[in-house]
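First the structure, in the form of structure tokens, and then the observations on it.
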Amino acid sequence: MKRNTLLSAFAAAVLFGSAAHAQLYTDTSKSEKQPASQTATDSRTPAITERTDASLDTLRRIDPSDSEVIRLHETGESGSMLLEIGGFGLTLGRSYEARTWDKLKKRRFALTVASDIELGFTSLTGVKYGHHHEGTPDFLDQTLSSSFHFGFTPIGILMRAGKKNHSHFQLGMQYSVDNIRLSNPTYTVRNADRLLVPVALDEPAKKSKLRYTTLGLVLRYNWRPVDKLRISVSTHYDFLMNSYAITKKPKEKTTLSGFAPFRFGVGTSISYRYVGFFVRYSPSSLFRSSSGLEAQTLSYGFTLHF
């Protein structure tokens, strides 16, 4: 009996230190002596006070039960258990975060901010020069390792597609910046009437590139076959914001008007947790037909989603 008392005191002290937000309730007075049969019933099923949201876990003094030092049994409340140690009862409830997540799962729509960040490279494919460029060098040849792509979805709406929360549709804005690093630094690109033509520099530049920025809409379908794994397919509708020919050393930035004002694209990505890979292809030409040039773009790299 003395040994059980010492174990009870030690277990109660450990519980007080680990459950800092638990509340201690002690009986200030004992009820009148009850019959032996009623006392046995009470020891098997100790009375449990009602809990509120503010007291998820409670620690209180209860009457000794049988000769067992530690017992764990259900309280009758959803998701709650009672851990009984040497006359003390610790009610274990679900956390506020868990209950909030359950509520979010039930919502059909949700707002996303700064999601699906893309970091990678952009490659020109299917490059064709018009008859106006006969005799000119292939000035759209690029250095792929320096042709960077950046994009993200600043804001969007997420809609649950199934009851099990395994698939979603996402409609949002897509902002992208692409740099095409020209492999020949002795040339840049300029407008001649409506054409885009190469222009030789007085001296080779350290960098010669094309840069264009787009803002449009993206529609994604996200599927989670297993926990933490996400597979996405998407369609992109991009509108041109600006386009430049840029050289560094000497530094010069010139606006170009031969880029297509609207483009359509498709993409896919696969990610685990928050990191993955993406591929994005636009079958429509990067340039206007009147520019004398034709090229499609393929972007790929890493993606981060939140």
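The values are calculated or read from the model by the stated rules, or taken from the named source; none is laboratory data. Since we're looking at a predicted model, the values are computed, not measured. Cβ placement follows ideal geometry from the backbone for every residue including glycine, while neighbour counts extend to all protein chains displayed. Accessible surface is based on the protein model in full, side chains and every heavy atom, while ligands, DNA and RNA are left aside. Shrake-Rupley method; radii C 1.70, N 1.55, O 1.52, S 1.80 Å.
Structure data summary
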item: Qualifying residue in segment 242-250 (condition: without any contact (Cβ under 8 Å) to a residue 40 or more places away in the chain, farther than 21 Å from residue 150 by Cα and polar (S, T, N, Q)); result: no
item: Test: residue in segment 184-194 that is among the charged types (D, E, K, R), part of a strand (DSSP E or B) and at pLDDT 95 or above; result: no
item: Residue within segment 259-268 that is open to solvent by less than 10 Å² (accessible area, probe 1.4 Å), of a type in the set (A, V, I, L, M) and under 18 Å from residue 179 (Cα atoms) present; result: no
item: Counted residues, segment 266-289 - those being in contact (Cβ under 8 Å) with a residue 40 or more places away in the chain, hydrophobic (A, V, I, L, M, F, W, C) and assigned to a strand (DSSP E or B); result: 3
item: Filter pass, residue 217 being surrounded by 13 or more Cβ atoms within 10 Å (Cβ to Cβ) and in contact with a His (Cβ under 8 Å, 6 or more places away or on another chain); result: yes
item: Elements of type strands (runs of 3 or more DSSP E) contained in segment 204-259, each with 3 or more residues being within 23 Å of the chain's Cα centre (by Cα) and of a type in the set (Ser, Thr, Tyr); result: 229-248
item: Test: residue in segment 71-78 that is among the β-branched types (Val, Ile, Thr), touching a Lys or Arg at 6+ places or on another chain (Cβ under 8 Å) and modelled with pLDDT under 85; result: no
item: Residues of segment 128-140 satisfying the condition of being closer than 19 Å to residue 285 by Cα and open to solvent by less than 80 Å² (accessible area, probe 1.4 Å); result: 129, 130, 133, 139, 140
item: Test set (1) within 30 Å of the chain's Cα centre (by Cα); (2) not in a strand (DSSP E or B) - residue 263 fails condition number; result: (2)
item: Subset of segment 145-198 [closer than 21 Å to residue 264 by Cα and open to solvent by 60 Å² or more (accessible area, probe 1.4 Å)]; result: 148, 150, 155, 157, 169, 171, 173, 175
item: Breaking point among (1) modelled with pLDDT under 70; (2) surrounded by 12 or more Cβ atoms within 10 Å (Cβ to Cβ); (3) β-branched (Val, Ile, Thr), for residue 100; result: (2)
item: Per-region count, segment 273-295, residues under 30 Å from the mean Cα position of the chain (by Cα) and surrounded by 12 or more Cβ atoms within 10 Å (Cβ to Cβ); result: 11
item: Segment 264-294: number of residues that are in contact with a Gly (Cβ under 8 Å, 6 or more places away or on another chain) and farther than 17 Å from residue 188 by Cβ; result: 13
item: Cross-chain or 6+ apart pairs with Cβ under 9 Å, segment 104-133 first and free of Cβ contacts under 8 Å to residues at least 60 places away in the same chain and assigned to a strand (DSSP E or B), then open to solvent by 40 Å² or more (accessible area, probe 1.4 Å) and aromatic (Phe, Trp, Tyr); result: 113/306
